[in-house]
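Taken together, the values in this text are just the output of simple stated rules run on the coordinates, not laboratory data. This structure is a prediction, so every number in the text was calculated from the model and none was measured. Positions of Cβ are generated from backbone atoms using ideal geometry, with glycine treated the same way; all protein chains shown enter the neighbour counts.
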Amino acid sequence: MGGFFQPWHLMVLFFFFGVFILVPAIFYILTLQKALEQCTPVSRTMEPALVWLLLVPFVHLVFSFFVVLALSRSLANEFANRRVTIPDPAPGQAVGLAMSICGCCCVIPLLGFVAIWAFLVLWIIYWVKIADYSRRLSMFPGAMPAGGM
């Protein structure tokens, strides 16, 4: 029969890690990158490619704060440059910071069990908000996004 831990167990773990964690994270990062690319270089406070650092384990705990603040400032600058009014003066910042705080609390024993559920809910809300702001930017004429014609 063998031992308790078989080599195929690792394959199953890697599969579930990839499907349930890595794939959604990649789509999330693509959304953040697209939102930053929608902003003109003058409006940006962060280069779009830097969001991929969120995939680095434990670095993402701190770097997510920088991404949230930079993306919020970039979107606010871009909406102001395009003269588009939005209800939130700091787009996505409140939800994004709450999400980042919950993400850091996930590593605290006992509190982590509650924090992970709050993090997942806030992560989805933040993702939808940023996708909506990106969609709004694409609807209004403005400067061509980076990489455009």
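Observations on the model:
- Quarter the surface of the alpha carbon convex hull of region 39-104 and you get the mean projected area, 4.3 square nanometres.
- Candidates 38, 127, 56 compared by Cα position along the dipole of the chain: farthest toward the positive end lies 38, with charges placed on Cβ.
- Between the helical axis of 7-17 and the longest alpha-carbon principal axis of the chain there is an angle of about 20 degrees.
- Shape class of region 45-149 from the Cα gyration tensor (axes a ≥ b ≥ c, square roots of the eigenvalues): prolate, since a/c reaches 1.5 or more and a/b is larger than b/c.
- Legend: calculated FRET efficiency, residue 131 to residue 111, from the Cβ-Cβ distance at R0 = 35 Å, rounded to 0.05, equals 0.75.
- The packing ranking, built from the mean of other Cβ atoms within 10 Å per residue, places the peptides 4-16, 38-50 in the order 38-50, 4-16, highest first.
- Region 1-95: translational diffusion in µm²/s, Stokes-Einstein, Kirkwood Rh over Cα pairs, 37 °C, 0.692 mPa s: 213 µm²/s
- For region 69-125: rounded, prolate or oblate by the Cα gyration tensor [a/c cutoff 1.5]: prolate
- Inter-part distance where region 98-141 and region 54-87 are each reduced to a Cα centre, Å: 12 Å
- Spacing of the modelled spin labels on residue 121 and residue 94, each 7 Å from Cα toward Cβ, amounts to 1.6 nm.
- FRET efficiency for residue 10 and residue 50, using Cβ-Cβ distance with R0 set to 41 Å, rounded to 0.05: 0.80
- In a reduced charge model with +1 at each Lys and Arg Cβ and -1 at each Asp and Glu Cβ, the chain shows a dipole moment near 280 debye about its Cα centre.
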